[in-house]
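J.: Below is the structure I would like to discuss, written out as structure tokens.
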Amino acid sequence: AVERKIKIVDGPNGEKIIPGSPGNLPLSTSTLSEYVWKDVEKFANKIALECGETGRKYTYAQARDSSNYVARSLRNIGLKVGDVVAVILPNLPETAVAFLGASEAGLIVTTVNFQYTVYEISKQLIDCNARAVITAAEIAPTVLAAIGNSNLGKIPVVVVDDGVQPIPTGTIPFQDLITKGKSLPSLPERTWSDEDVAALPYSSGTTGLPKGVMLTHRNLVRNIMMVRNTVPEGIFWNKATDSFQEVIPSVLPLFHIYGMNAIMCTRLSIGSRLVTLPKFTPELFASVLAKYKTTTLLCAPPIILFLTASPLIKPNYLDHVQCVISGAAPLGKSDVDRFYEKFQSLRSTLHFGNGYGLTETSPVALFNWREDKYGSIGEVLCGSSIRLVDPITNVDISEPGKSGELLIKGPHVMKGYYKNEAATKETIIEGGWLKTGDIAYFDEDFDFYISDRLKELIKVKGFQVPPAEIEELLRTHKDIEEAAVIGIPDSRYGEVPKAFVLPKSGRKPSEEDIKNFVNTRVAEYKHLRGGVTLVDSIPKNPSGKILRIKLRDKYVN
Ligand code: 4UW
């Protein structure tokens with residue numbers, strides 16, 4: 001056990017501020033790509049990125065140079081500093097090259113779920129006014145249809161060639177950005193600072209529709225530094241040396257903040273080898289684990305459950321694994337116990353970590369690495385602080401065991417929601433505190449636990465399903481007057497969405513019809529697996545806000 005010397009500080013308005021773990025953050029004004037590549041000479045010839053399906057690889061020197069050539073090309077095709085470029089790619093080596101290249105060119109990268117439908121993609125592209133798209137051959141038809149459905153006009157579409165599917169006419173091969181960029185002049189000196197926006201992933205936050213989360217270069221870089229200064233080196237992260245290199249299957253999607261910053265950027269900054277999996281199939285994941293000596297597993301709970309349950313994963317596949325990190329959704333102690341029952345030989349050597357955070361915090365805010373406290377989300381990262389506020393009385397909590405809404409402050413907290421000042425003001429309140437919508441408490445050692453979720457967000461396998469988005473879609477159905485969507489617990493998915501539907505008078509849509517309507521318009525994980533119930537009224541408060549908690553109390557608990 002570690003004794004943590006944390007002293008609660010009184011704020012000017014009665015706040016009880018709980019400071020993060022001790023540890024100094026060195027000053028930095030690097031942009032994201034400068035930070036990621038800053039030590040690249042130390043591991044220039046090691047493999048940085050490798051496709052787990054085809055074996056296509058980039059060494060560190062190649063990855064850095066290719067990103068730089070991509071940056072030159074993107075500027076050369078007319079994109080200007082501050083333009084938004086959408087990266088709609090599965091996990092490929094090129095996803096990192098595209099992301100970091102666009103960032104180096106001073107563009108803002110919005111990452112889009114590559115499993116999205118035409119409907120979902122066009123919404124995001126329109127909302128952020130994307131000026132270009134980088135995608136893959138397999139997805140290109142969907143992306144082109146989404147652009148066609150939008151008011152964006154003719155924008156450049158760059159396509160990564162998978163060697164299987166032809167690239168649609170009128171699009172730019174990604175490889176051309178690299179090869180032609182090489183002979184273009186170097187980028188001019190940068191005119192933007194680390195306080196400018198680098199990434200624009202989407203999150204619904206505590207309420208409403210998905211919103212662009214403005215993460216600056218500083219947000220992302222500071223978060224990497226906060227993790228590296230709080231979480232023990234040599235266990236949970238290892239810088240590459242002459243004789244050692246981390247090997248990490250990159251299975252969590254790179255469009256989500258966990259894959260993007262906590263895995264891709266963080267681990268490239270220390271010289272790890274990322275083996276990218278373009279899709280999650282049990283066979284591909286098993287073959288990657290069998291082939292590569294994986295040292296580090298960065299997972300969400302469903303992956304840990306999969307490793308435990310699947311007969312395709314032989315216990316010896318994990319023999320070289322030093323640590324398993326879980327994040328994005330709750331992981332129970334019993335899940336860890338079952339994992340160790342299968343991977344017996346790891347019991348004395350393996351370290352289990354649990355990271356908690358949000359898209360809005362770049363993402364890591366708290367991290368647990370204590371073996372005796374698996375259910376905990378651990379300690380607050382250095383360089384940041386938190387508060388717990390009773391959601392009913394609005395009074396700050398300063399004793400162990402009492403639950404309140406978790407508020408976060410620090411250099412990792414987003415600049416705000418893109419073009420949405422109202423939502424920003426509701427989420428980042430006076431003093432710069434970000435409301436998480438999660439209910440938490442702490443114990444005698446200042447280790448934290450999430451006990452409930454105040455916000456309406458549903459998390460399916462760690463992915464966000466904003467109820468407001470499904471409700472908006474349901475209201476476009478010809479027979480539906482009103483709808484409310486809630487999450488119900490599910491052993492496989494964590495939670496699944498369930499819809500309550502008020503039909504238009506005289507109409508009686510079938511459950512099957514409603515499910516089909518939704519399921520053909522949204523990505524697979526948003527499907528109404530929890531079913532559909534027809535109701536006579538949707539509970540609302542006087543101002544018209546849906547009282548989802550009433551539905552939860554009536555139908556779930
Ligand atoms: N336990 C319980 C957790 C946990 C959790 C998140 O989609 P977003 O916006 O963001 C994420 C971030 C994942 C992440 C954070 C920190 C970290 O170290 C890591 O890797 C180890 C991954 O998923 O959803 C944010 C919401 O997800 C829930 C919580 O409700 C939060 O507000 N959540 N991590 N360990 N719940």
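J.: Semi-axes of the range 72-178's equivalent ellipsoid from the Cα gyration tensor, sqrt of 5 times each eigenvalue, largest first, rounded to whole Å?
T.: Details: eigenvalues 63, 57, 31 Å².
Over the Cα atoms of the range 72-178, the ellipsoid semi-axes are 18, 17, 13 Å.
J.: In addition: Can you return the lysines within cross-link range of residue 154? Criterion is Cα-Cα under 20 Å, with same-chain partners fewer than 8 residues away left out.
T.: Once the sequence-local lysines are set aside, what remains near residue 154 is 80, 123.
J.: I would also like to ask the following. Using the Karplus equation 6.51 cos²θ - 1.76 cosθ + 1.60 (θ = phi - 60°), what ³J(HN,Hα) coupling, rounded to whole Hz, does each residue of the range 360-370 give in order, writing x for Gly and Pro?
T.: Going residue by residue, I get 5, 10, 6, x, 6, 10, 10, 9, 10, 10, 8 Hz, with x marking Gly and Pro.
J.: Could you list which residues have their amide H under 5 Å from that of residue 204, counting only those 5 or more apart in sequence or on another chain, with H placed in the peptide plane?
T.: 211
J.: Return the sequence-ordered ³J(HN,Hα) values of the range 254-265 in whole Hz as given by the Karplus equation 6.51 cos²θ - 1.76 cosθ + 1.60 applied to θ = phi - 60°, using x for Gly and Pro.
T.: With coefficients 6.51, -1.76 and 1.60, one gets 6, 6, 8, 4, 4, x, 5, 9, 6, 10, 4, 5 Hz.
J.: The range 235-324: D in µm²/s via Stokes-Einstein (Kirkwood Rh, Cα pairs, 4 °C, 1.567 mPa s)?
T.: My calculation gives 97 µm²/s for D.
J.: For the chain, what size does the Cα cloud have along each of its three principal axes, sorted from largest down, in whole Å?
T.: So the extents along the principal axes, rounded to whole Å, are 65, 59, 53.
J.: Sticking with this one: How much of the pair distance distribution for the range 442-554 lies past 21 Å, counting alpha-carbon pairs only, in percent?
T.: Details: 2412 of 6328 pairs.
Counting every Cα pair in the range 442-554, those more than 21 Å apart make up 38 percent.
J.: Got a sec? How would 119, 258 order by Cβ neighbour count within 10 Å, fewest to most?
T.: Values: 119 15, 258 23.
Going from sparsest to densest Cβ surroundings: 119, 258.
J.: Separate question: Any idea what % of Cα-Cα pairs in the range 202-359 are farther than 19 Å? If you can, show how the numbers build up before the last one.
T.: On the way: 6867 of 12403 pairs.
That fraction is 55 percent.
J.: Then there's this: Arranged by the count of other C-beta atoms within 10 angstrom, fewest first, what order do 527, 217 take? Please list the in-between numbers first.
T.: Values: 527 18, 217 25.
Lowest count first: 527, 217.
J.: Per residue of the range 104-111, what does 6.51 cos²θ - 1.76 cosθ + 1.60 with θ = phi - 60° give for ³J(HN,Hα)? Whole Hz please, x for Gly and Pro, Karplus curve as stated.
T.: Ordered by residue, 3J(HN,Hα) equals 5, 7, x, 8, 9, 9, 9, 9 Hz.
J.: Moving to a separate point now. Counting just the Cα atoms, what span does the range 356-428 cover along each of its three principal axes? Round to the nearest Å and put the largest first.
T.: Projected onto the principal axes, the Cα atoms of the range 356-428 cover 44, 29, 19 Å.
J.: Could you work out the relative contact order of the chain? I mean the mean sequence separation of Cα pairs under 8 Å and 6+ apart, divided by the number of residues, in percent. If you can, show how the numbers build up before the last one.
T.: Working: 1214 pairs, mean separation 77.0, N = 557.
Dividing the mean separation by the residue count of the chain yields 14 percent.
J.: Dividing the Cα radius of gyration by the Kirkwood radius, what Rg/Rh value follows for the range 144-289? List each step's numbers first, then the result.
T.: On the way: Rg = 18.9 Å, Rh = 19.0 Å.
With Rh from the inverse mean 1/r over Cα pairs, Rg/Rh is 1.00.
J.: Based on the Cα atoms of the range 125-190, what semi-axes does the equivalent ellipsoid have, where each is the square root of 5 times one gyration tensor eigenvalue, given in whole Å with the largest first?
T.: On the way: eigenvalues 103, 67, 13 Å².
Equivalent ellipsoid semi-axes, largest first: 23, 18, 8 Å.
J.: Gap in Å between the Cα centre of the range 141-188 and the Cα centre of the range 54-124?
T.: 10
J.: Turning to a different aspect of this structure: For every other residue with a beta carbon closer than 13 angstrom to the beta carbon of residue 520, add +1 if it is Lys or Arg and -1 if Asp or Glu, then tell me the sum.
T.: Numbers: positive: 515, 521, 526; negative: 120, 512, 513, 524.
Result for the neighbourhood of residue 520: -1.
J.: Can you give the net charge of the other residues whose Cβ lies under 15 Å from the Cβ of residue 178, counting K and R as +1 and D and E as -1? Mind showing how you got there, number by number?
T.: Values: positive: 56, 57, 64, 72, 75, 180, 182; negative: 65, 94, 104, 161, 176.
Combined, the nearby Lys, Arg, Asp and Glu give +2.
J.: Can you return the aspartates and glutamates within cross-link range of residue 57? Criterion is Cα-Cα under 15 Å, with same-chain partners fewer than 8 residues away left out.
T.: Answer for residue 57, where 15 Å is the Cα cut-off: 65, 94, 161, 162, listed by chain and number.
J.: Work out the FRET efficiency for residue 553 and residue 46 from their Cβ-Cβ distance, taking R0 = 56 Å, and round it to the nearest 0.05. Walk me through the numbers on the way to the answer.
T.: Numbers: r = 54 Å, r/R0 = 0.97.
Calculated value: 0.55.
J.: Want the number for residue 279 to residue 508: 0.36 nm per residue separation, take away the alpha-carbon distance, what's left? Don't jump to the answer; show the numbers that get you there.
T.: Values: separation 229, 0.36 × 229 = 82.44 nm, distance 3.88 nm.
Roughly 78.6 nm would be gained on extension.
J.: Another question, then. Taking H placed 1.01 Å from N in the peptide plane, check which residues at least 5 places from residue 460 or on another chain put their amide H under 5 Å from its amide H.
T.: 465
J.: Give me the percent of DSSP beta bridges within the range 469-546 that run antiparallel, rounded to the nearest 5.
T.: Details: 11 of 14 bridges.
Given both bridge residues lie in the range 469-546, the antiparallel proportion sits at roughly 80 percent.
J.: Is there a pair in 508/554; 38/415; 16/459; 5/409 whose C-alpha atoms are over 27 Å apart, and which pairs would that be? Don't skip to the answer; put the middle values down first.
T.: Numbers: 508/554 22 Å; 38/415 25 Å; 16/459 30 Å; 5/409 19 Å.
Long pairs (Cα-Cα over 27 Å): 16/459.
J.: I want to make sure I understand the PRE zone here: with the label point 7 angstrom from the Cα of residue 81 toward its beta carbon, which residues in the range 178-194 have backbone N atoms less than 19 Å away?
T.: Taking a point 7 Å out along Cα→Cβ of residue 81, the residues of the range 178-194 whose backbone N falls under 19 Å are 185-194.
J.: Could you list 256, 412 so that the one with the fewest beta carbons within 10 Å of its beta carbon is first and the one with the most is last? Before the final figure, lay out the partial values.
T.: On the way: 256 23, 412 30.
Exposure proxy ranking, most exposed first: 256, 412.
J.: Spin-label point model (7 Å from Cα, Cβ direction): what's the residue 10 to residue 393 distance in nm?
T.: 1.7
J.: Can you give the local net charge around residue 443? Use residues other than it whose beta-carbon is closer than 12 angstrom to its beta-carbon, Lys and Arg +1, Asp and Glu -1.
T.: On the way: positive: 4, 370, 373, 402; negative: 372, 379, 399, 444, 445, 447.
Net of charged neighbours comes to -2.
J.: Now for a different question. Pairs to check: 182/293; 7/402; 239/293. Give those whose C-alpha atoms are more than 24 Å from each other in this structure.
T.: Numbers: 182/293 34 Å; 7/402 17 Å; 239/293 17 Å.
The answer is 182/293.
J.: Also: Return the long-range amide H neighbours of residue 481 (sequence gap of 5 or more, or a different chain), with a cut-off of under 5 Å between placed amide H atoms.
T.: So residue 481 has HN proximity to 502, 504.
Only the coordinates and a few stated rules stand behind these numbers; no lab work does. What you see is a predicted model; the values in this text were computed from it and never measured. Note that each Cβ is placed from the backbone with ideal geometry, even for glycine, and that neighbours are counted across all protein chains shown.
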